[in-house]
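Single-structure report; data block below.
The values are calculated or read from the model by the stated rules, or taken from the named source; none is laboratory data. From a predicted model like this one, the values you see are computed outputs, not experimental measurements. Here the Cβ is made from the backbone with ideal geometry for all residues, glycine too, and neighbour counts use every protein chain on show.
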Amino acid sequence: MASKFARPVLALVATPVLAALLAGAATSGGAATPGAPGAGDPYFPLSGNGGYHVAHYGLDLDYTPATRRLEGTADLAVTTTRKLSSFNLDLSGLTVDSVRIDGRRVAFSRDGAELTVKPAHALDKGRRFHVVVTYSGVPEHVTDPDGSPDGWIIQPDGSVFVANEPQGAMTWFPSNSHPSDKSTYDVRVTVPDGWTAVSNGRLRDRRSRAGKTTFSWSESKPMAAYLSTASIGRFETEQYVTRSGLPVYNAVAPSQAAAAKPVLDQLPAVIEWESGLFGRYPFEAAGAIVEDAPDIGYALETQSRPIYDRAPSIETLVHETAHQWFGDSVTPTKWQDIWLNEGFATYAEWLWAAEHGGLSTAQQFAADYALPATDSLWSFPAGDPGDGGNLFAKPPYERGAMVLEKLRQTVGDRAFFTILRTWAADHRYGHGDSAQFIALSKRISGKNLDALFATWLYGQGKPATP
Ligand code: ARG
Ligand code: ZN
């Protein structure tokens, strides 16, 4: 066993970024040291960085579908959390033309997806500054450990499906790409006339000049980098305000328009229904981006405006909309807790089915429980996927929903829905982890739920009794 583990560890410290990660973690106090190249998440050790928080991203992008070329300027409002001699941003591929801190050019270097910014003088703890990176090139998406494409995914016609969970943000802008850091965003995208660029939040401005159109979007609520998007296509767009005053912006690939319409038309009703269950809708805009890119194989809950690789089913719309509370507003601090996103969004689908002529949530639980012990459902615990390649496999979704049904059956409907609403309210626009969810469930129900979570959230294999 020892040699099995020793070998990869030695191989890892041999790389400069991991050596710096270990060095950064070990130092403290007055000396300025390099910021760590990772946020400390074992699933994706180099995602995110140490030593600072990004309060705001101002992205100014220009994309040419014919050449696939992206030119970008990223202006990050940064606050240091300790004294730094240098710090890292996550950026994969592309050419960096310059890096400036508060207007002055500074040195930088690159190593894989780590962009190291080297200011002339150390940055004190608590220092606020702007770092501006200008860059260009043809972005290349990454392939996740589960084999899915992730990031700036260019389609054969030059349109772009931009979905960053878990690590794709680095393929199109320099960022602190870990869910533990959340920031507000202004995203401006310039595309040739006839193309539309869609991002998160509200469309503030749209103007055409010399054959190009610039779309200016802003997301005013904190957002994790993995939830950002700037998707580009020859979309049909639709804009309206719901009866409760929420602005909706839908962008749909023409080939998907007919199939998407009856489902997208239900978005206001789904938001209203979920608001009744989970508390007020957290964002100031809503909508959908529907592409014709079925090879991608997934949809993503991009903040305020989920992205779909094809016309969604109502179940998928319900799922991505539920993520606006669970995942987007309340965000995990580490990827291990992905069930707080996927289990909750899947449970929303169960609730929807139960109210629309499908199985009750208890029947859904029973149907899952009936799966044989050899089914992939039981391959690892929902609360401990163990590896970044397992995040979007069956257990965090389906077993995650089973945890919630088990909780509901144990504490009763009244306490259960109070737990869900309190979770969404207490952690709104911030973070939450599994330990906090368990503590909240115990506090609200007044019950000792340790055995329930030990068995259903963390237990290996199929529990002996349902
Ligand atoms: N969070 C998305 C959903 O369940 C799935 C993202 C899948 N991403 C991936 N890289 N496999 O709605
Ligand atoms: Zn999901």
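Values for this structure:
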item	result
Criterion violated by residue 59 - all others in (1) more than 19 Å from residue 33 (Cβ to Cβ); (2) touching a His at 6+ places or on another chain (Cβ under 9 Å); (3) crowded, with 18+ Cβ neighbours inside 10 Å satisfied	(2)
Region 131-174, subset in contact with a Pro (Cβ under 8 Å, 6 or more places away or on another chain) and of a type in the set (S, T, N, Q), residue surrounded by the most Cβ atoms within 10 Å (Cβ to Cβ)	171
Test: residue 327 is surrounded by 22 or more Cβ atoms within 10 Å (Cβ to Cβ), within 14 Å of ligand 1 (Cβ to nearest atom) and at pLDDT 95 or above	yes
Residue in region 260-274 that is farthest from residue 228 (Cα to Cα), counting only those that are more than 16 Å from ligand 2 (Cβ to nearest atom) and surrounded by 17 or more Cβ atoms within 10 Å (Cβ to Cβ)	273
Residue match in region 313-323 (condition: outside any helix (DSSP H, G or I), without any contact (Cβ under 8 Å) to a residue 40 or more places away in the chain and within 23 Å of the chain's Cα centre (by Cα))	yes
Counted residues, region 310-338 - those being within 13 Å of ligand 2 (Cβ to nearest atom) and of a type outside the set (S, T, N, Q)	14
Of all residues in region 205-239 being in a strand (DSSP E or B) and aliphatic (A, V, I, L, M), the one that is farthest from residue 186 (Cα to Cα)	232
Residue within region 291-300 that is within 12 Å of the chain's Cα centre (by Cα), at pLDDT 95 or above and within 14 Å of ligand 1 (Cβ to nearest atom) present	yes
Verdict on residue 274 being in contact (Cβ under 8 Å) with a residue 24 or more places away in the chain and either within 30 Å of residue 414 (Cα to Cα) or aliphatic (A, V, I, L, M) (or both)	yes
Pick from region 275-307, criterion among the polar types (S, T, N, Q) and within 14 Å of ligand 2 (Cβ to nearest atom), ranking: nearest to residue 247 (Cα to Cα)	303
Strands (runs of 3 or more DSSP E) lying entirely in region 48-121 (those with 1 or more residues that are aliphatic (A, V, I, L, M) and without any contact (Cβ under 8 Å) to a residue 40 or more places away in the chain)	95-101, 107-111, 114-118
Output for region 324-334, where each listed residue is assigned to a loop (DSSP other than H, G, I, E, B) and under 12 Å from the mean Cα position of the chain (by Cα)	324, 327, 328, 329, 333, 334
Residue, surrounded by the fewest Cβ atoms within 10 Å (Cβ to Cβ), within region 73-86, restricted to residues that are of a type outside the set (Val, Ile, Thr) and more than 21 Å from the chain's Cα centre (by Cα)	85
Subset of region 364-410 [among the small types (Gly, Ala, Ser), part of a helix (DSSP H, G or I) and surrounded by fewer than 18 Cβ atoms within 10 Å (Cβ to Cβ)]	366, 367, 376, 389
Failed criterion for residue 345 (all others in (1) in a loop (DSSP other than H, G, I, E, B); (2) within 11 Å of ligand 1 (Cβ to nearest atom) hold)	(1)
Subset tally (residues that are surrounded by fewer than 24 Cβ atoms within 10 Å (Cβ to Cβ), closer than 17 Å to residue 286 by Cα and touching a residue at least 60 places away in the same chain (Cβ under 8 Å)) for region 213-234	3
